[in-house]
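Taking it in order: structure first as C-alpha coordinates, then the write-up.
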Amino acid sequence: MQIRSLAAAVFVAALPVSALAETPLGLTLKDHKFTPSTIHVKAGQPNVITMTNNDDTAEEFDSSSLKVEKVVAGHSSGHIRLRPLAPGKYPFMGEYHSATAQGVVIAE
Amino acid sequence: MLSSLIIVFREVIEAGLIVGIVLAATKGVLGRGLWVTLGVMAGVAGACLVALFAGEISNLFEGSGQELFNATILLLAVMMLTWHNVWMASHGREIAREMKAMGAAVSAGQKTLTALAIVVAVAVLREGSEVVLFLYGIAAQGGQTTASLLLGGVLGLAGGAAMSALMYFGLLSIPAHRLFSVTGWLITLLAAGMAAQAVLFIQSAGYLQVLMSPLWDTSWLLPEGGEGVAGIIGRMLHTLIGYSDQPNGMQLIAYLGTIVTINVLMRVVNQPRPIPAAAPNAAE
(Lines give C-alpha, C1' and ligand atoms only; values in the text may rest on other atoms or scores of the structure.)
Protein backbone atom coordinates (compact mmCIF):
# COMPACT_ATOMS: atom_id res chain seq x y z
CA MET A 1 0.00 0.00 0.00
CA GLN A 2 2.81 2.35 0.97
CA ILE A 3 4.65 1.51 -2.21
CA ARG A 4 1.50 2.11 -4.17
CA SER A 5 0.91 5.56 -2.74
CA LEU A 6 4.56 6.37 -3.21
CA ALA A 7 4.30 5.32 -6.81
CA ALA A 8 1.18 7.41 -7.12
CA ALA A 9 2.99 10.40 -5.67
CA VAL A 10 5.82 10.03 -8.17
CA PHE A 11 3.27 9.66 -10.93
CA VAL A 12 1.43 12.79 -9.89
CA ALA A 13 4.70 14.71 -9.62
CA ALA A 14 5.49 13.71 -13.19
CA LEU A 15 2.25 15.17 -14.50
CA PRO A 16 2.41 17.88 -17.09
CA VAL A 17 2.05 21.22 -15.34
CA SER A 18 -0.96 22.12 -17.42
CA ALA A 19 -3.01 19.21 -16.12
CA LEU A 20 -3.45 20.74 -12.70
CA ALA A 21 -2.03 24.21 -13.13
CA GLU A 22 -4.94 25.69 -11.26
CA THR A 23 -5.02 25.24 -7.51
CA PRO A 24 -7.76 22.70 -6.88
CA LEU A 25 -10.65 23.96 -4.80
CA GLY A 26 -11.65 21.63 -1.99
CA LEU A 27 -15.15 20.23 -1.70
CA THR A 28 -16.13 17.64 0.88
CA LEU A 29 -19.18 15.44 1.00
CA LYS A 30 -20.25 14.06 4.37
CA ASP A 31 -23.69 12.75 5.37
CA HIS A 32 -24.80 13.65 1.82
CA LYS A 33 -24.08 17.34 2.33
CA PHE A 34 -21.47 19.47 0.56
CA THR A 35 -18.98 21.61 2.49
CA PRO A 36 -18.58 24.35 1.47
CA SER A 37 -21.92 24.55 -0.29
CA THR A 38 -20.87 27.75 -2.04
CA ILE A 39 -17.70 27.74 -4.11
CA HIS A 40 -16.26 30.97 -5.49
CA VAL A 41 -14.21 30.72 -8.66
CA LYS A 42 -12.63 33.26 -10.97
CA ALA A 43 -14.64 33.81 -14.12
CA GLY A 44 -12.98 33.37 -17.51
CA GLN A 45 -10.42 30.75 -16.51
CA PRO A 46 -10.55 27.00 -16.03
CA ASN A 47 -10.96 25.75 -12.48
CA VAL A 48 -10.54 22.40 -10.78
CA ILE A 49 -12.59 21.21 -7.83
CA THR A 50 -11.28 18.28 -5.85
CA MET A 51 -14.25 16.53 -4.31
CA THR A 52 -13.65 14.25 -1.36
CA ASN A 53 -16.45 11.86 -0.61
CA ASN A 54 -16.41 10.85 3.06
CA ASP A 55 -19.64 8.89 2.83
CA ASP A 56 -19.83 5.12 2.49
CA THR A 57 -21.65 5.26 -0.82
CA ALA A 58 -20.78 6.72 -4.20
CA GLU A 59 -22.15 10.08 -5.22
CA GLU A 60 -22.46 11.77 -8.58
CA PHE A 61 -21.49 15.43 -8.75
CA ASP A 62 -24.10 16.61 -11.21
CA SER A 63 -24.66 20.01 -12.72
CA SER A 64 -26.46 20.63 -15.98
CA SER A 65 -25.30 24.26 -16.04
CA LEU A 66 -21.65 23.30 -15.49
CA LYS A 67 -22.05 20.32 -17.86
CA VAL A 68 -20.46 18.00 -15.36
CA GLU A 69 -21.46 14.51 -14.31
CA LYS A 70 -18.79 12.87 -12.23
CA VAL A 71 -19.11 9.82 -10.01
CA VAL A 72 -16.94 9.86 -6.90
CA ALA A 73 -16.83 6.54 -5.06
CA GLY A 74 -17.30 6.35 -1.30
CA HIS A 75 -14.20 7.27 0.73
CA SER A 76 -12.31 8.54 -2.26
CA SER A 77 -11.82 11.75 -4.15
CA GLY A 78 -12.02 12.99 -7.69
CA HIS A 79 -11.11 16.02 -9.77
CA ILE A 80 -13.88 17.98 -11.40
CA ARG A 81 -12.67 20.25 -14.20
CA LEU A 82 -14.71 23.34 -14.92
CA ARG A 83 -14.54 25.14 -18.24
CA PRO A 84 -13.85 28.89 -18.14
CA LEU A 85 -17.11 30.27 -16.82
CA ALA A 86 -18.97 33.48 -17.53
CA PRO A 87 -19.81 35.37 -14.32
CA GLY A 88 -22.89 33.88 -12.72
CA LYS A 89 -24.30 31.18 -10.48
CA TYR A 90 -24.02 27.51 -11.37
CA PRO A 91 -25.94 25.18 -9.05
CA PHE A 92 -24.76 21.60 -8.57
CA MET A 93 -26.04 18.61 -6.64
CA GLY A 94 -25.24 15.10 -5.57
CA GLU A 95 -27.55 13.26 -7.88
CA TYR A 96 -28.12 10.28 -5.62
CA HIS A 97 -29.07 12.41 -2.61
CA SER A 98 -30.36 15.58 -4.18
CA ALA A 99 -32.60 16.35 -1.19
CA THR A 100 -29.59 17.27 0.95
CA ALA A 101 -26.58 17.38 -1.36
CA GLN A 102 -26.89 20.81 -2.92
CA GLY A 103 -24.39 23.51 -3.70
CA VAL A 104 -23.56 26.37 -6.03
CA VAL A 105 -20.50 27.58 -7.89
CA ILE A 106 -20.29 31.36 -8.15
CA ALA A 107 -18.06 32.68 -10.90
CA GLU A 108 -16.99 36.31 -10.52
CA MET B 1 -39.67 7.86 -3.82
CA LEU B 2 -40.00 10.62 -6.39
CA SER B 3 -36.25 11.15 -6.63
CA SER B 4 -35.55 7.47 -7.30
CA LEU B 5 -38.43 7.34 -9.77
CA ILE B 6 -36.99 10.30 -11.67
CA ILE B 7 -33.42 9.01 -11.69
CA VAL B 8 -34.32 5.52 -12.88
CA PHE B 9 -36.89 6.88 -15.38
CA ARG B 10 -34.32 9.22 -16.84
CA GLU B 11 -31.59 6.64 -17.23
CA VAL B 12 -33.95 3.97 -18.58
CA ILE B 13 -35.36 6.40 -21.14
CA GLU B 14 -31.89 7.29 -22.37
CA ALA B 15 -30.92 3.69 -22.93
CA GLY B 16 -34.45 2.70 -24.00
CA LEU B 17 -34.71 5.28 -26.77
CA ILE B 18 -31.53 3.92 -28.27
CA VAL B 19 -32.81 0.34 -28.03
CA GLY B 20 -36.09 1.46 -29.66
CA ILE B 21 -34.27 3.04 -32.59
CA VAL B 22 -32.07 -0.02 -33.01
CA LEU B 23 -35.11 -2.31 -33.02
CA ALA B 24 -36.87 -0.15 -35.61
CA ALA B 25 -33.74 0.06 -37.73
CA THR B 26 -33.47 -3.73 -37.82
CA LYS B 27 -37.12 -4.41 -38.54
CA GLY B 28 -37.47 -7.61 -40.51
CA VAL B 29 -33.96 -8.81 -39.78
CA LEU B 30 -33.91 -12.38 -38.56
CA GLY B 31 -32.59 -12.95 -35.06
CA ARG B 32 -32.57 -9.30 -34.05
CA GLY B 33 -34.49 -10.03 -30.84
CA LEU B 34 -31.75 -12.36 -29.68
CA TRP B 35 -28.98 -9.91 -30.52
CA VAL B 36 -30.69 -6.96 -28.89
CA THR B 37 -31.44 -9.06 -25.79
CA LEU B 38 -27.80 -10.13 -25.67
CA GLY B 39 -26.81 -6.49 -25.99
CA VAL B 40 -29.07 -5.47 -23.11
CA MET B 41 -27.83 -8.32 -20.93
CA ALA B 42 -24.19 -7.58 -21.66
CA GLY B 43 -24.93 -3.94 -20.86
CA VAL B 44 -26.53 -4.79 -17.51
CA ALA B 45 -23.65 -7.09 -16.57
CA GLY B 46 -21.19 -4.41 -17.65
CA ALA B 47 -23.06 -1.77 -15.67
CA CYS B 48 -22.72 -3.84 -12.49
CA LEU B 49 -18.99 -4.27 -13.15
CA VAL B 50 -18.53 -0.56 -13.83
CA ALA B 51 -20.43 0.31 -10.65
CA LEU B 52 -18.34 -2.17 -8.68
CA PHE B 53 -15.09 -0.67 -9.92
CA ALA B 54 -16.31 2.93 -10.08
CA GLY B 55 -13.59 4.08 -7.71
CA GLU B 56 -10.80 2.30 -9.56
CA ILE B 57 -11.98 3.43 -13.00
CA SER B 58 -12.26 7.00 -11.78
CA ASN B 59 -8.71 6.99 -10.42
CA LEU B 60 -7.16 5.85 -13.69
CA PHE B 61 -5.39 8.41 -15.88
CA GLU B 62 -4.71 11.06 -13.25
CA GLY B 63 -8.25 10.85 -11.91
CA SER B 64 -9.83 11.25 -15.35
CA GLY B 65 -10.57 7.57 -15.83
CA GLN B 66 -14.33 7.92 -15.72
CA GLU B 67 -14.38 10.72 -18.29
CA LEU B 68 -12.06 8.88 -20.67
CA PHE B 69 -13.96 5.63 -20.17
CA ASN B 70 -17.22 7.37 -21.05
CA ALA B 71 -15.67 9.07 -24.05
CA THR B 72 -14.25 5.77 -25.27
CA ILE B 73 -17.50 3.85 -25.13
CA LEU B 74 -19.37 6.75 -26.72
CA LEU B 75 -16.89 6.86 -29.59
CA LEU B 76 -17.20 3.08 -29.93
CA ALA B 77 -20.96 3.52 -30.27
CA VAL B 78 -20.44 6.30 -32.83
CA MET B 79 -18.27 3.98 -34.94
CA MET B 80 -20.79 1.14 -34.73
CA LEU B 81 -23.69 3.42 -35.68
CA THR B 82 -21.68 4.80 -38.58
CA TRP B 83 -20.87 1.34 -39.76
CA HIS B 84 -24.51 0.30 -39.57
CA ASN B 85 -25.63 3.26 -41.64
CA VAL B 86 -22.93 2.84 -44.21
CA TRP B 87 -23.65 -0.85 -44.47
CA MET B 88 -27.38 -0.17 -44.83
CA ALA B 89 -26.67 2.33 -47.58
CA SER B 90 -25.10 -0.39 -49.69
CA HIS B 91 -27.51 -3.18 -48.74
CA GLY B 92 -30.67 -1.36 -47.73
CA ARG B 93 -32.30 -1.70 -51.11
CA GLU B 94 -31.97 -5.46 -51.26
CA ILE B 95 -33.24 -5.75 -47.69
CA ALA B 96 -36.29 -3.68 -48.51
CA ARG B 97 -36.85 -5.79 -51.63
CA GLU B 98 -36.57 -9.06 -49.75
CA MET B 99 -38.91 -7.76 -47.08
CA LYS B 100 -41.52 -7.20 -49.73
CA ALA B 101 -40.94 -10.72 -51.02
CA MET B 102 -41.90 -11.94 -47.55
CA GLY B 103 -40.63 -15.11 -46.04
CA ALA B 104 -37.18 -14.64 -47.49
CA ALA B 105 -34.83 -14.59 -44.54
CA VAL B 106 -33.07 -11.29 -44.45
CA SER B 107 -29.95 -12.96 -43.23
CA ALA B 108 -27.89 -10.29 -44.92
CA GLY B 109 -29.03 -7.84 -42.28
CA GLN B 110 -27.51 -9.93 -39.54
CA LYS B 111 -24.04 -8.62 -40.20
CA THR B 112 -25.00 -5.24 -38.89
CA LEU B 113 -26.68 -6.75 -35.82
CA THR B 114 -23.37 -7.28 -34.07
CA ALA B 115 -22.60 -3.60 -34.40
CA LEU B 116 -26.00 -2.58 -33.13
CA ALA B 117 -25.88 -5.07 -30.25
CA ILE B 118 -22.67 -3.34 -29.17
CA VAL B 119 -24.44 0.02 -29.35
CA VAL B 120 -27.26 -1.34 -27.20
CA ALA B 121 -24.77 -2.80 -24.74
CA VAL B 122 -22.78 0.40 -24.27
CA ALA B 123 -25.95 2.49 -23.96
CA VAL B 124 -27.28 0.21 -21.23
CA LEU B 125 -23.86 0.04 -19.62
CA ARG B 126 -23.48 3.81 -19.42
CA GLU B 127 -26.91 4.61 -18.06
CA GLY B 128 -27.20 1.37 -16.08
CA SER B 129 -24.06 1.90 -14.02
CA GLU B 130 -25.56 5.11 -12.62
CA VAL B 131 -28.74 3.28 -11.67
CA VAL B 132 -26.76 0.48 -10.04
CA LEU B 133 -24.68 2.94 -8.01
CA PHE B 134 -27.79 4.78 -6.96
CA LEU B 135 -29.73 1.66 -5.99
CA TYR B 136 -26.70 0.29 -4.19
CA GLY B 137 -26.56 3.49 -2.17
CA ILE B 138 -30.19 3.01 -1.20
CA ALA B 139 -29.65 -0.61 -0.25
CA ALA B 140 -26.53 0.26 1.75
CA GLN B 141 -28.37 2.87 3.74
CA GLY B 142 -31.17 0.55 4.78
CA GLY B 143 -33.90 2.09 6.85
CA GLN B 144 -37.60 2.53 6.32
CA THR B 145 -37.37 4.54 3.16
CA THR B 146 -35.67 1.73 1.25
CA ALA B 147 -38.93 0.08 0.21
CA SER B 148 -40.47 3.28 -1.10
CA LEU B 149 -37.26 4.25 -2.91
CA LEU B 150 -37.13 0.85 -4.55
CA LEU B 151 -40.80 1.17 -5.48
CA GLY B 152 -39.91 4.48 -7.11
CA GLY B 153 -37.13 2.71 -8.98
CA VAL B 154 -39.49 0.04 -10.28
CA LEU B 155 -42.05 2.65 -11.35
CA GLY B 156 -39.29 4.61 -13.05
CA LEU B 157 -38.19 1.49 -14.89
CA ALA B 158 -41.75 0.78 -16.04
CA GLY B 159 -42.30 4.38 -17.11
CA GLY B 160 -39.03 4.53 -19.01
CA ALA B 161 -39.75 1.23 -20.73
CA ALA B 162 -43.24 2.44 -21.69
CA MET B 163 -41.85 5.64 -23.22
CA SER B 164 -39.29 3.64 -25.17
CA ALA B 165 -42.02 1.29 -26.41
CA LEU B 166 -44.07 4.28 -27.57
CA MET B 167 -41.07 5.52 -29.48
CA TYR B 168 -40.58 2.10 -31.07
CA PHE B 169 -44.21 1.63 -32.13
CA GLY B 170 -44.31 5.22 -33.32
CA LEU B 171 -41.40 4.44 -35.61
CA LEU B 172 -43.04 1.23 -36.80
CA SER B 173 -46.11 3.15 -37.93
CA ILE B 174 -43.91 4.74 -40.57
CA PRO B 175 -44.50 3.02 -43.94
CA ALA B 176 -41.91 0.33 -44.60
CA HIS B 177 -40.30 2.00 -47.58
CA ARG B 178 -39.63 5.16 -45.56
CA LEU B 179 -38.72 3.41 -42.31
CA PHE B 180 -35.08 2.82 -43.17
CA SER B 181 -34.45 6.35 -44.31
CA VAL B 182 -36.05 7.67 -41.10
CA THR B 183 -34.08 5.32 -38.86
CA GLY B 184 -30.99 6.11 -40.93
CA TRP B 185 -31.35 9.78 -40.05
CA LEU B 186 -32.17 9.00 -36.44
CA ILE B 187 -29.03 6.90 -36.16
CA THR B 188 -26.96 9.61 -37.83
CA LEU B 189 -28.19 12.21 -35.31
CA LEU B 190 -27.78 9.73 -32.46
CA ALA B 191 -24.16 9.21 -33.48
CA ALA B 192 -23.57 12.94 -33.90
CA GLY B 193 -24.97 13.63 -30.44
CA MET B 194 -22.77 10.93 -28.94
CA ALA B 195 -19.70 12.37 -30.63
CA ALA B 196 -20.49 15.80 -29.18
CA GLN B 197 -21.01 14.25 -25.75
CA ALA B 198 -17.69 12.42 -26.05
CA VAL B 199 -15.96 15.75 -26.75
CA LEU B 200 -17.37 17.11 -23.49
CA PHE B 201 -16.02 14.11 -21.56
CA ILE B 202 -12.61 14.46 -23.21
CA GLN B 203 -12.55 18.14 -22.26
CA SER B 204 -13.62 17.29 -18.70
CA ALA B 205 -10.66 14.93 -18.57
CA GLY B 206 -8.38 17.88 -19.30
CA TYR B 207 -7.65 17.29 -22.98
CA LEU B 208 -8.72 19.08 -26.15
CA GLN B 209 -8.90 22.38 -24.29
CA VAL B 210 -9.93 24.46 -27.29
CA LEU B 211 -13.15 26.21 -28.30
CA MET B 212 -14.61 25.49 -24.87
CA SER B 213 -16.87 28.51 -24.47
CA PRO B 214 -20.58 27.91 -24.97
CA LEU B 215 -21.75 29.21 -28.35
CA TRP B 216 -25.25 29.92 -27.16
CA ASP B 217 -27.49 29.30 -24.19
CA THR B 218 -31.02 28.01 -24.64
CA SER B 219 -31.36 26.65 -21.11
CA TRP B 220 -34.03 29.26 -20.38
CA LEU B 221 -36.15 27.80 -23.16
CA LEU B 222 -35.39 24.10 -22.99
CA PRO B 223 -33.00 22.97 -20.27
CA GLU B 224 -30.96 19.89 -21.06
CA GLY B 225 -31.70 18.31 -17.70
CA GLY B 226 -33.20 18.89 -14.33
CA GLU B 227 -36.64 18.14 -13.03
CA GLY B 228 -39.90 19.12 -14.65
CA VAL B 229 -41.39 18.36 -18.03
CA ALA B 230 -39.11 20.73 -19.95
CA GLY B 231 -36.08 19.08 -18.37
CA ILE B 232 -37.26 15.61 -19.37
CA ILE B 233 -38.04 16.71 -22.93
CA GLY B 234 -34.64 18.39 -23.12
CA ARG B 235 -32.97 15.26 -21.84
CA MET B 236 -34.79 13.09 -24.38
CA LEU B 237 -33.81 15.40 -27.20
CA HIS B 238 -30.27 15.32 -25.84
CA THR B 239 -30.24 11.54 -26.17
CA LEU B 240 -32.05 11.40 -29.49
CA ILE B 241 -30.53 14.20 -31.55
CA GLY B 242 -27.76 15.42 -29.28
CA TYR B 243 -29.54 18.59 -28.20
CA SER B 244 -27.40 20.70 -25.90
CA ASP B 245 -28.51 23.92 -24.23
CA GLN B 246 -24.95 25.30 -24.13
CA PRO B 247 -22.88 23.58 -26.80
CA ASN B 248 -19.27 24.66 -27.25
CA GLY B 249 -17.42 25.10 -30.52
CA MET B 250 -15.57 21.79 -30.39
CA GLN B 251 -18.84 19.95 -29.74
CA LEU B 252 -20.48 21.60 -32.71
CA ILE B 253 -17.54 20.62 -34.90
CA ALA B 254 -17.79 17.00 -33.71
CA TYR B 255 -21.55 17.02 -34.24
CA LEU B 256 -21.48 18.40 -37.76
CA GLY B 257 -18.35 16.42 -38.61
CA THR B 258 -20.09 13.16 -37.71
CA ILE B 259 -23.14 13.99 -39.81
CA VAL B 260 -21.00 14.93 -42.80
CA THR B 261 -18.75 11.88 -42.43
CA ILE B 262 -21.64 9.42 -42.26
CA ASN B 263 -23.41 11.00 -45.22
CA VAL B 264 -20.27 11.11 -47.35
CA LEU B 265 -19.48 7.46 -46.55
CA MET B 266 -23.07 6.44 -47.32
CA ARG B 267 -22.93 8.24 -50.63
CA VAL B 268 -19.59 6.69 -51.53
CA VAL B 269 -20.73 3.10 -50.95
CA ASN B 270 -24.07 3.79 -52.57
CA GLN B 271 -22.53 4.94 -55.87
CA PRO B 272 -24.31 3.16 -58.69
CA ARG B 273 -22.03 0.39 -59.82
CA PRO B 274 -21.86 -0.42 -63.52
CA ILE B 275 -22.38 -4.15 -62.96
CA PRO B 276 -24.91 -6.48 -61.25
CA ALA B 277 -26.61 -4.01 -58.89
CA ALA B 278 -28.12 -1.95 -61.70
CA ALA B 279 -28.75 -4.84 -64.10
CA PRO B 280 -32.21 -6.02 -62.88
CA ASN B 281 -33.61 -2.50 -63.10
CA ALA B 282 -32.31 -2.04 -66.60
CA ALA B 283 -33.96 -5.28 -67.68
CA GLU B 284 -37.39 -4.22 -66.44
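The values are calculated or read from the model by the stated rules, or taken from the named source; none is laboratory data. Model, not experiment: these values are computed from the prediction. We place every Cβ from the backbone using ideal geometry, glycine too, and count neighbours over all the protein chains shown.
When each of B:Leu60, B:Leu30 is tested for being within 14 Å of chain A (Cβ to nearest Cβ) and surrounded by fewer than 19 Cβ atoms within 10 Å (Cβ to Cβ), the lone residue that passes is B:Leu60. Scanning the stretch A:78-91 for residues that are touching a Ser or Thr at 6+ places or on another chain (Cβ under 8 Å), surrounded by 21 or more Cβ atoms within 10 Å (Cβ to Cβ) and more than 7 Å from chain B (Cβ to nearest Cβ) turns up just one, A:Ile80. Scanning the stretch B:148-182 for residues that are at pLDDT 90 or above, in a helix (DSSP H, G or I) and of a type in the set (Ser, Thr, Tyr) turns up B:Ser164, B:Tyr168. Exactly one of these conditions fails for A:Val68: (1) at pLDDT 90 or above; (2) facing chain B (nearest Cβ under 9 Å); (3) over 30 Å from B:Gly242 (Cα atoms). Give me its number. Tallying (1) at pLDDT 90 or above; (2) facing chain B (nearest Cβ under 9 Å); (3) over 30 Å from B:Gly242 (Cα atoms), A:Val68 fails exactly one: (3).
Once the stretch B:211-269 is narrowed to residues that are in contact with a Pro (Cβ under 8 Å, 6 or more places away or on another chain) and free of Cβ contacts under 8 Å to residues at least 12 places away in the same chain, the residue that is farthest from the other protein chains (Cβ to nearest Cβ) is B:Ala230.
The single residue among B:Trp216, B:Trp185, B:Trp220 that is surrounded by fewer than 13 Cβ atoms within 10 Å (Cβ to Cβ) and either touching an Asp or Glu at 6+ places or on another chain (Cβ under 6 Å) or at pLDDT 90 or above (or both) turns out to be B:Trp216. In this structure, is A:His40 more than 14 Å from the chain's Cα centre (by Cα) and touching a residue at least 60 places away in the same chain (Cβ under 8 Å)? No: the conditions fail for A:His40.
Of the listed requirements (1) at the interface with chain B (Cβ under 9 Å from one of its Cβ atoms); (2) modelled with pLDDT of 90 or more, A:Asn53 misses just one: (1).
So that you can scan it fast, the table gives a plain yes or no per residue for (1) within 14 Å of chain A (Cβ to nearest Cβ); (2) more than 30 Å from B:Leu252 (Cβ to Cβ):
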{"position": "B:Ala176", "(1), (2)": "no, yes"}
{"position": "B:Trp185", "(1), (2)": "no, no"}
{"position": "B:Ala195", "(1), (2)": "no, no"}
{"position": "B:Leu208", "(1), (2)": "yes, no"}
